[in-house]
1. List the residues, sorted by chain then number, that are 5 or more residues from R78 or on another chain and whose placed amide H is less than 5 Å from its amide H.
2. In terms of the ratio Rg/(2.2 N^0.38 Å) built on C-alpha atoms, what value belongs to region 243-289?
3. Mind checking the dipole of region 129-279: about its Cα centre, +1 per Lys or Arg Cβ, -1 per Asp or Glu Cβ, Debye to the nearest 20?
4. Please give the FRET efficiency for L72 paired with T111, using the beta carbon to beta carbon distance and R0 = 25 Å, rounded to the nearest 0.05.
5. Where nothing but the Cβ of Lys and Arg (+1) and of Asp and Glu (-1) is charged, how large is the charge dipole of the chain around its Cα centre, in debye to the nearest 20?
6. Over the Cα atoms of region 116-187, what radius of gyration and what Dmax do you get, in Å?
7. At L159 and M119, where each label point lies 7 Å from the Cα along Cα→Cβ, what is the point-to-point distance in nanometres?
8. Using alpha-carbon positions, what is the distance between the centroids of region 132-152 and region 33-103, in Å?
Amino acid sequence: MEESESGFHTHGWRQALLARCKGLPPIPTAVVHPCDSVALQAAVEAAALGLITPILVGPEAKIRATALAAGLEISAFRLEPTPHSHAAAARGVALVRAGEAELLMKGSLHTDELMHEVMAVDTGLRTARRISHVYLMDVPRYPRPLLITDAAINIAPSLEDKRDIVQNAIDLAHILGLAKPRVAILSAVETINSKLQSTLDAAALCKMADRGQITGALLDGPLAFDNAISPEAAAEKNIVSPVAGQADIVVVPDLVAGNILAKQLTFLAGADAAGVVVGARVPIILTSRADPETARIASCAVAVLMAYAARHADPGVSA
């Protein structure tokens with residue numbers, strides 16, 4: 001057990017992620033609008049750790065002024081000047097489409113600005129899969145890493161959206177070394193209730209897994225959060241399941257529920273967190289301005305592992 005910035009003890013998962021990246025060549029990364037000290041320092045630190053080769057995209061004067069004020073050395077990095085944050089988002093996406101960057105990293109612009117360019121039909125980074133977000137949480141009182149999805153992108157996902165959200169999280173879990181992750185589809189109760197749409201969606205998702213529409217994991221739901229993560233709570237409700245009480249992935253009903261859950265674990269339970277957007281052409285490192293430096297670095301490490309997995313899967317891209 002190690003101590004996080006919050007003072008709580010964690011399982012050292014962040015250090016394990018960094019260890020897996022050690023020795024891998026850095027990934028070219030478009031860092032979009034790094035115009036405050038937090039965003040720019042994250043890029044500089046990730047580069048120092050050998051995770052990424054930053055391409056700084058944004059207003060040149062602002063970026064250089066930020067570096068000077070923060071005492072950060074950026075002379076070794078490529079700088080792509082743009083007049084403002086909107087243009088920076090568009091240019092960052094264009095660099096990915098041109099093959100000059102394999103990762104996209106959010107700087108000090110609003111998430112909506114960046115994702116608007118990512119989601120653009122003709123010029124963005126969409127694939128056939130719905131784009132979604134996954135939080136990777138190292139929770140002191142939980143014996144394994146916990147993935148939470150989707151708490152940042154999809155506000156009120158449909159059943160079809162949730163299918164992609166679940167599969168995206170499963171695919172990420174595989175990259176992280178979980179061969180058969182346990183997926184809990186969350187609601188307020190563990191029984192089907194026609195008045196609670198989330199219970200109906202959970203049941204449908206489990207049947208989709210039975211029919212091969214979702215692959216690579218064990219699914220169960222609906223499950224209340226306590227039944228998903230506590231063996232004692234699951235036993236109390238007489239829930240017999242290979243998922244209940246030991247979930248690796250929890251799928252929330254909507255963005256509000258997921259956002260509250262992730263922030264509760266971070267700010268009240270002392271969890272270490274990382275966050276990444278999946279389902280696009282490349283991983284997107286998407287962190288909050290309130291996140292500590294450790295969260296940003298852990299998010300970079302996750303994205304780097306995803307980028308190398310994509311290289312391995314595509315014989316046309318050399319490692």
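Every read-out reported here was derived from the displayed coordinates using simple, explicitly stated rules and does not represent laboratory data. Values in this document were obtained by computation on a predicted structure and should not be read as measured data. Note: ideal-geometry Cβ built from the backbone for every residue, glycine included; neighbour counts use all protein chains shown.
1. L56
2. Against the compact-globule rule of thumb, the ratio is 1.31.
3. The dipole magnitude comes to about 160 debye.
4. The pair L72/T111 has a calculated efficiency of 0.60.
5. 480 debye
6. 13.6, 45
7. Placing both labels 7 Å along Cα→Cβ, they lie 2.3 nm apart.
8. When both Cα centres are located, 27 Å separates them.
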